[in-house]
Amino acid sequence: MKATVSTEWLSGCSGCHVAVVDLHEKLLNLVEAVEFVRVPVLMDEKGYPKADVGIVEGAVRSEHDRESLLRMRDSVKTLVAFGSCAVYGGPRASGGSMRRMR
């Protein structure tokens, strides 16, 4: 049985998603092992289907980002922060709007 994978990008450039697509033919090998249920750069899935693994890139910069992240978290068994923006906030974290939302 294949593992299911869901991805999301928040405030950011989507560079991490593009890097995955840039795997080219190596992506086909990955598809043999996993089933992608949500990848915004490749498919038009608006919801958050249940998945084994969720991969999030981008920073939490707005209330929409926060809500998206919470919805993603609720829909996956394991959540992975992918890229420097997701892990450290990246350049968008310096804007400060999240301080006002808390």
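The values are calculated or read from the model by the stated rules, or taken from the named source; none is laboratory data. A quick note: this is a predicted structure, and the numbers were derived from the prediction, not measured. As a convention, Cβ positions derive from the backbone with ideal geometry for all residues, glycine included, and neighbour counts pool all protein chains shown. SASA here: full protein model, heavy atoms, side chains in, ligands and nucleic acids out. Shrake-Rupley method; radii C 1.70, N 1.55, O 1.52, S 1.80 Å.
Can you tell me which residue in the range 1-12 is surrounded by the most Cβ atoms within 10 Å (Cβ to Cβ), limited to those that are of a type outside the set (Ser, Thr, Tyr) and touching a residue at least 60 places away in the same chain (Cβ under 8 Å)?
In this case the residue turns out to be Glu8.
Can you find even one residue in the range 13-34 that is touching a residue at least 60 places away in the same chain (Cβ under 8 Å) and in a helix (DSSP H, G or I)?
yes
Can you pull out every residue in the range 43-72 that is in contact with a Phe, Trp or Tyr (Cβ under 8 Å, 6 or more places away or on another chain), part of a loop (DSSP other than H, G, I, E, B) and without any contact (Cβ under 8 Å) to a residue 24 or more places away in the chain?
The answer is Met43, and nothing else.
Please pick out the residue among Asp44, Asp22 that is among the acidic types (Asp, Glu), more than 13 Å from the chain's Cα centre (by Cα), within 23 Å of Ser84 (Cβ to Cβ) and open to solvent by 30 Å² or more (accessible area, probe 1.4 Å).
Asp22
Based on what the data block shows, is Arg73 of a type in the set (Lys, Arg), buried (at least 19 other Cβ atoms within 10 Å of the Cβ) and over 20 Å from Met1 (Cα atoms)?
no
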